[in-house]
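Visitor: I'd like to ask some things about the structure below.
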């Protein structure tokens with residue numbers, strides 16, 4: 001089965017912040033993070049049950065070589081990315097994000 005992808009606006013904003021953060025630390029590092037994030041999300045489309053289920057219906061996968069985690073849910077025909085978090089940040093708002101669209 002082929003899954004579609006939906007990335008919530010809040011997750012897109014978090015990804016953009018992370019890219020800017022890494023790019024400010026070292027030239028080109030933001031682009032490397034972006035590439036690693038894209039590969040991680042592509043992997044979810046191929047293997048949506050890959051991530052650890054941390055809440056009912058909510059899965060988490062790590063972005064290789066970076067500390068960020070991608071939180072997502074698998075629907076009938078799509079993967080929905082609901083958050084992209086650094087571990088220093090609380091992800092206590094995930095249940096609320098499940099209600100957003």
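Derivation of every value follows stated rules applied to the coordinates shown; laboratory data play no part. What you see is a predicted model; the values in this text were computed from it and never measured. FYI the Cβ positions are ideal-geometry reconstructions off the backbone, even for glycines, and counts take in every protein chain you see.
Visitor: Mind checking the full-extension length gain between residue 42 and residue 1? Use 0.36 nm per residue of separation minus the Cα-Cα distance, one decimal, nm.
Guide: Residue separation times 0.36 nm, minus the Cα-Cα distance, leaves 13.4 nm.
Visitor: In the range 4-97, what percentage of the DSSP-assigned beta bridges are antiparallel, given to the nearest 5?
Guide: Of the beta bridges lying entirely in the range 4-97, close to 75 percent run antiparallel.
Visitor: Principal axis lengths of the chain from Cα atoms, whole Å, largest first?
Guide: Cα spread of the chain along its principal axes, largest to smallest: 40, 29, 21 Å.
Visitor: To continue, here is another question. When the helices in the chain are scored as -39500 (n - 2.57) per DSSP H run of 4 or longer and the sum is shared across all residues, what 222 nm value do you end up with, to the nearest 500 deg cm²/dmol?
Guide: Helix contribution divided over all residues of the chain: -12000 deg cm²/dmol.
Visitor: Which of the three applies to the range 22-67, rounded, prolate or oblate, going by the alpha-carbon gyration tensor with a ≥ b ≥ c and a/c under 1.5 meaning rounded?
Guide: prolate
Visitor: Would you mind ranking 35, 10, 92 by Cβ crowding within 10 Å, fewest neighbours first?
Guide: Least to most surrounded, the residues fall as 92, 35, 10.
Visitor: How far is helix 9-25 tilted, in degrees, relative to the longest principal axis of the Cα atoms in the chain, given as a value from 0 to 90 rounded to the nearest 10?
Guide: 20
Visitor: Contact order normalised by length for the range 4-97, with contacts defined as Cα pairs under 8 Å and 6 or more residues apart; what percent is it?
Guide: The value is 29 percent.
Visitor: Between residue 75 and residue 52, what's the calculated FRET efficiency when r is the beta-carbon distance and R0 is 22 Å? Round to 0.05.
Guide: With R0 = 22 Å, the Cβ-Cβ based efficiency is 0.75.
Visitor: Here's a follow-up. Can you give me the angle between helix 29-46 and the longest principal axis of the chain, using Cα atoms only, in degrees from 0 to 90, rounded to the nearest 10?
Guide: So the helix axis and the longest Cα principal axis differ by about 20 degrees.
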